[in-house]
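The structure appears below as structure tokens.
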Amino acid sequence: MSTTAAGLVSQLTQRGETVSFCESLTAGLASATVASVPGASAVLRGGLITYATEVKSHFLRQSIADIEAVGVVSGETALAMARAAVAETDADWGIGLTGVAGPDRQEAKPAGTVYIGIYSPGRVAFSQLLAGLGEERNEIREATVAAALRLLGTALEQNPVGREQ
């Protein structure tokens, strides 16, 4: 299982697959982390920065009220973000990242509460809650990216190459 950006770029390259991100709390850090690896252009399709709820609404094709009803910081929103990443870029894998970087709470959730969504058409659609990723904004953001890379590595190991038709 690949847990580093370099490992994931290598694994995705070998599989002939691509990835895109839809990021909120990480604000592009996940995309930038993958892009920092030589050869990333073969696998990184792009990324959406949906920091504001209005921007999420646009790319998720949901009303602000609907997003807020399930929670901006929720598994449902993380998975919708992962789906949006795939829909907007035609990537094989989409990763949605939403959470609370702090220092203040959001939706009564403390800093360090993060949801990661992973989506690949016909193969994978799930979200995972992570908590206690740290207390400082950048620590939380970096831990979120590391966790997302680990989750994608696990998903790649558990799923065959290629989309189902």
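Each value in this text was obtained by applying a stated rule to the coordinates, not by laboratory testing. Note that the coordinates shown come from a computational prediction; the quantities given were computed from them, not determined experimentally. Cβ: placed from backbone, ideal geometry, glycine included. Neighbour counts: every protein chain shown.
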Exercise. Quick check, is Val145 surrounded by 14 or more Cβ atoms within 10 Å (Cβ to Cβ), within 12 Å of the chain's Cα centre (by Cα), of a type in the set (Val, Ile, Thr) and within 11 Å of Val73 (Cα to Cα)?
Worked result: no
Exercise. Here are Thr13, Thr33: which of them is more than 16 Å from Thr144 (Cα to Cα) and either charged (D, E, K, R) or touching a helix residue (DSSP H, G or I) at 6+ places or on another chain (Cβ under 9 Å) (or both)?
Worked result: Thr13
Exercise. In the range 63-82, which residues are of a type in the set (S, T, N, Q) and crowded, with 19+ Cβ neighbours inside 10 Å?
Worked result: Ser74, Thr77
Seminar exercise, completed: Pairs returned, first residue in the range 79-98 that is on the phi > 0 side of the Ramachandran plot, second residue that is surrounded by fewer than 24 Cβ atoms within 10 Å (Cβ to Cβ), beta-carbon separation under 7 angstrom, 6 or more apart or interchain, are Asp90/Arg45
Exercise. Is the range 117-124 home to any residue that is loosely packed, with under 14 Cβ neighbours inside 10 Å, in a loop (DSSP other than H, G, I, E, B) and touching an Asp or Glu at 6+ places or on another chain (Cβ under 7 Å)?
Worked result: yes
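State whether the residues of the range 3-20 include one that is closer than 16 Å to Gly117 by Cβ and of a type outside the set (Val, Ile, Thr).
Yes: one or more hits.
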